[in-house]
Amino acid sequence: MVTELDKNTALVLIDLQKGIVNYPVATPIGTILENAAKLVDAFHKAGLPVVLVNVDPSKFTTNNLRKDAPNRAAATFNAEWSEIVPEIKKQAGDVFITKHTWGAFFETALDEELKKRNVTGIVLGGVSTSIGVEGTARHANERGYNITFAKDAMTDMSADAHEHSLKNIFPRIGEVDDTDKIIEKLG
């Protein structure tokens with residue numbers, strides 16, 4: 001449950017891009033996008049930073065490592081695949097980060113951009129809960145950010161993985177609550 005938000009809190013949304021929102025997910029994507037859009041609107045109105053993160057799998061540096069899962073980066077992705085969905089209303093002052101791994105901090109300017117804005121806390125949402133959101137959250141925790149998870153503004157391709165992150169990982173590194181409760185704390 002969210003107890004408070006830092007004065008300088010940023011909204012960080014992970015992989016709400018055209019190619020990814022078409023994947024089958026545990027929670028209807030329309031609901032996730034609606035809640036994410038509400039958060040974007042609330043953060044814009046509060047004058048707080050909004051960070052929109054997308055992924056470019058063609059730039060994965062780990063493609064040649066041994067693993068059981070198929071190499072998705074071998075697929076072809078057109079430019080539209082990486083575009084943030086139109087439901088998320090972008091503004092000129094928003095920060096755009098393109099990542100190439102699960103977490104949005106690794107080899108990107110995310111930490112630098114947050115520090116430039118004196119951000120000490122982040123609200124996280126997006127797709128997939130157990131991959132991009134959790135990967136980013138773990139790195140944010142290691143960097144000392146207070147983290148709030150908008151549980152109804154994220155989903156996963158696996159319902160079990162989604163629930164595991166929400167119940168077992170996120171409460172250990174931050175606070176978990178609904179979009180409306182988080183918006184209330186923006187004051």
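Assorted remarks:
- Å² of accessible area per residue within the chain, as computed with a 1.4 Å probe and no ligands counted: 51 Å²
- Axial C-alpha extent at least 20 Å, average Kyte-Doolittle at least 0.0 - helices from the chain (DSSP): 29-46
- FRET efficiency, M1 to E142 (Cβ-Cβ, R0 22 Å, nearest 0.05): 0.40
- About its Cα centre, the dipole of segment 94-177 is roughly 220 debye, where the only charges are +1 on Lys and Arg Cβ and -1 on Asp and Glu Cβ.
- Label-to-label distance, E112 versus E163, with points set 7 angstrom from Cα along the beta-carbon direction: 4.2 nm.
- Protein accessible area in the chain, 1.4 Å probe - carbon and sulfur %: 49 percent
- Distant-in-sequence amide contacts of Q17, defined by a placed amide H-H separation under 5 Å and a gap of 5 or more residues or a different chain, comprise V85.
- Within-12-Å neighbourhood charge of L5 [Cβ basis; K, R +1; D, E -1]: -2
- One chain, two ends: T120 and K185. Fully extended at 0.36 nm per residue, the span grows by 21.9 nm beyond their Cα-Cα distance.
The values are calculated or read from the model by the stated rules, or taken from the named source; none is laboratory data. Everything numeric in this text was worked out from a predicted model, so none of it was measured. Note that each Cβ is placed from the backbone with ideal geometry, even for glycine, and that neighbours are counted across all protein chains shown. Please note that ligands, DNA and RNA were not included when accessible areas were found on the heavy atoms of the full protein model with its side chains. Shrake-Rupley method; radii C 1.70, N 1.55, O 1.52, S 1.80 Å.
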